[in-house]
Amino acid sequence: MVASFPGLLSRGELLDLLHNSTTVSRVHQVHAQLITGALFSDPFVASRLLSTICELSARVPASYADLVFSQSHQPSTFSWNTIIRFHVRASNPNKAVLLFARMRKAGVLTDHYTYPFVLKACALLAGLEEGAAIHGDVLKTGLGEDPFVMNGLISLYCKGGEIAAARKLFDGSRSRDLVSWNSLMAGYVSCGDTAEAGRLFDAMPERDAFSWAILIDGYGKKAGDVSRARDLFDKMPNKDLVCWNSMIDGYVGLGMMRAARELFDVMAERNVISWSILIDGYVKHGDPKEALELFQSMLGQGVRPDVISAVGAISACSQLGALDQGRWIHSYVKKHNILLDVVVETALVDMYMKCGSLDLARLLFDEMPRRSVVTWSVMIVGLGMNGFGCEAVELFYQMERRGATMDDLTFLGVLTACTHARLVCEGREIFDRMRRDFRVEPKVEHYGCLVDLLSRAGRLQEAKEVIETMPGTPTSSLWGSLLAACRTHRCVELAEIAVEKLKKLGADDGGVYVIMSNIYAAEGMWNQVWKMRKLMRERGMKKETGRSVIEVDGSIHEFVYGDSSHPYKEEIYEVLGSCQMQCLEKMVSLIF
DNA sequence: CAAGGAGCAG
């Protein structure tokens, strides 16, 4: 790289070069020049290099920034500020706070640039204790009236939930500006006091796009009062892109996808966030088909997907079981260098699992450079779901040996896997070790798994005891799974108890009586069966409509029981008919 | 000589 420069560059030439550096390789060139020319002793040049690295923080590893910083002799205040800023930008607030402590210890002068960075780091950490100590530091240096420093403090207290402290600073300040108003308003919004945020908004001497966006977001997403948010949105004079996105997100948060879509469709300008909000909204609110279509039209308009929209599209494929499209998105993401971070890869593993492609899931899982708790959990859940309960439990033990942290989802996955594989003893043991060995508090869902595990294995009495002795109130689903097991294990007495409990919980829907009448029928208790049927008729209960979704050659088909609107319905019923005929023929030949 | 605070997607 150095070869591209004949000889050494002068100080001025290096500074010029840095000034125009927008690529990492350019930074490397200058770095090499500094080393060969022993120019690190020039604090200004060294700090300019660091500053350029900081501007490129998204593409530079933290270790490289640290290296350059450590090479500068007696770093200046500016260099310290810059390396702290780098770590705040790179989401290493811990490191930033640590560096600040070292800076103080080294006796380096702090200035009005230092505090906003380090306060931001504290805010990210929600580290009120450190923040308060830095507040004391600020007062000693007499920088408390610098608007940047003060706003940093306000924002710190807001993020830490100390809105009263933030308010006190705000009220006592002589130099508050628009950002101070906005910060405090954001603070009220995030602690749920939208009313006070609204009063601040009305009292503001001037407003900018931030002010509007904070309150639109506050009314919409945070307070769920989307009509007030819309009022504000309509009144806003020069709506910027963020405001549109906030408003759309407000609708999406309440599941009002139609309203969200209407706004989206009339937007003059969209960015990848606008698309992501909507795609993610469709995924979350049960319309994965629409999410995928939107993702495709986003690509069609030349918008490069980011991690959020990619994850949205991938999980839409998981929900639909759309393996072909999922694989296509996987290769698209690889080809276009979309950051394959651990979240995206986990979504892909989940997609392959949900689509039943265990080998592809395993391949990706084994190759992943980093795995999160979610990655492991997804794999465990997937194995269990696909009927590989023993493998799921084995993976759980492997996870334990690696010392990976586990969360409640992990246990939900492994317990469900135990249920499906009838691994009663393992399941029971893992449940008992949850709190003791892994410090994960079992939730109702985990008790649900345990009850399911025991009752399916026929240990109905034991299951009933778990329900009755668990902390908190048992939910209807617990009694529900006991009831379902009573049917397979033909236990009328326990079933009747379960139905009574379900009735008390107001959860005795049609399904409960269907199961109960089936249980009676199996025992030949026909009087009871008729009683159940009559009860259902009286209450106007019906069975839920069955529906299913399938992907064929990349397009999605939905089937609803009794629905005949599918374009290929005649062919479908013909095939179905012939299947039934074949089944009948087979049965007939078996019987005779 | 240089750089900083507030808002939208998971």
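The values are calculated or read from the model by the stated rules, or taken from the named source; none is laboratory data. Just so it is clear, the model here is predicted, and its values are computed rather than measured. Here the Cβ is made from the backbone with ideal geometry for all residues, glycine too, and neighbour counts use every protein chain on show. These accessible areas exclude ligands, DNA and RNA; they are computed on the full protein's heavy atoms, side chains included. Shrake-Rupley method; radii C 1.70, N 1.55, O 1.52, S 1.80 Å.
Here are a few things to note about the model shown:
- Whichever residue in region A:44-54 is over 17 Å from residue A:99 (Cβ atoms) and surrounded by 16 or more Cβ atoms within 10 Å (Cβ to Cβ) and, among such residues, is nearest to DNA strand B (Cβ to nearest atom): A:48
- Complete set of residues in region A:192-208 that are free of Cβ contacts under 8 Å to residues at least 12 places away in the same chain and under 23 Å from residue A:160 (Cβ atoms): A:195, A:196, A:199
- Filter result (touching a helix residue (DSSP H, G or I) at 6+ places or on another chain (Cβ under 7 Å) and either open to solvent by 10 Å² or more (accessible area, probe 1.4 Å) or not in a helix (DSSP H, G or I) (or both)) within region A:327-345: A:330, A:338, A:339, A:340, A:341, A:342, A:343, A:345
- Any chance residue A:96 is surrounded by 19 or more Cβ atoms within 10 Å (Cβ to Cβ) and either among the polar types (S, T, N, Q) or under 30 Å from residue A:339 (Cβ atoms) (or both): yes
- With respect to the conditions (1) modelled with pLDDT of 85 or more; (2) within 9 Å of DNA strand B (Cβ to nearest atom), residue A:34 falls short on a single one, namely (2).
- Any hit, region A:277-284, residues being at pLDDT 95 or above, part of a helix (DSSP H, G or I) and away from DNA strand B (no atom under 15 Å from the Cβ): no
- Looking across region A:229-261, the residues that are open to solvent by 30 Å² or more (accessible area, probe 1.4 Å), assigned to a helix (DSSP H, G or I) and either in contact (Cβ under 8 Å) with a residue 60 or more places away in the chain or over 18 Å from residue A:276 (Cβ atoms) (or both) come down to A:230, A:231, A:234, A:235, A:258.
- Subset of region A:62-106 [within 11 Å of DNA strand B (Cβ to nearest atom) and charged (D, E, K, R)]: A:85, A:89
- Residue list for region A:116-157, filter: in contact with a Ser or Thr (Cβ under 8 Å, 6 or more places away or on another chain), within 8 Å of DNA strand B (Cβ to nearest atom) and outside any loop (DSSP other than H, G, I, E, B): A:119, A:120, A:123, A:147, A:150, A:151, A:155
- Some residue of region A:213-221 being open to solvent by 50 Å² or more (accessible area, probe 1.4 Å), touching a Gly at 6+ places or on another chain (Cβ under 7 Å) and in a helix (DSSP H, G or I): yes
- Residues satisfying the stated conditions in region A:303-322, i.e. open to solvent by 10 Å² or more (accessible area, probe 1.4 Å) and over 20 Å from residue A:286 (Cβ atoms): A:303, A:304, A:306, A:307
- Exactly one residue out of A:307, A:272, A:311 is within 14 Å of DNA strand B (Cβ to nearest atom), more than 17 Å from the chain's Cα centre (by Cα) and without any contact (Cβ under 8 Å) to a residue 40 or more places away in the chain, and it is A:272.
- Criterion violated by residue A:19 - all others in (1) under 35 Å from the mean Cα position of the chain (by Cα); (2) within 12 Å of DNA strand B (Cβ to nearest atom) satisfied: (1)
- Helices (runs of 4 or more DSSP H) wholly inside region A:378-480 containing at least 3 residues that are under 30 Å from residue A:314 (Cβ atoms) and open to solvent by less than 30 Å² (accessible area, probe 1.4 Å): A:389-401, A:408-421, A:444-456
- Scanning region A:61-79 for residues that are open to solvent by less than 20 Å² (accessible area, probe 1.4 Å) and part of a helix (DSSP H, G or I) yields A:65, A:68, A:69, A:79.
- Evaluation of residue A:264 against (1) modelled with pLDDT under 95; (2) of a type outside the set (Asp, Glu); (3) open to solvent by less than 70 Å² (accessible area, probe 1.4 Å) (one fails), failing number: (1)
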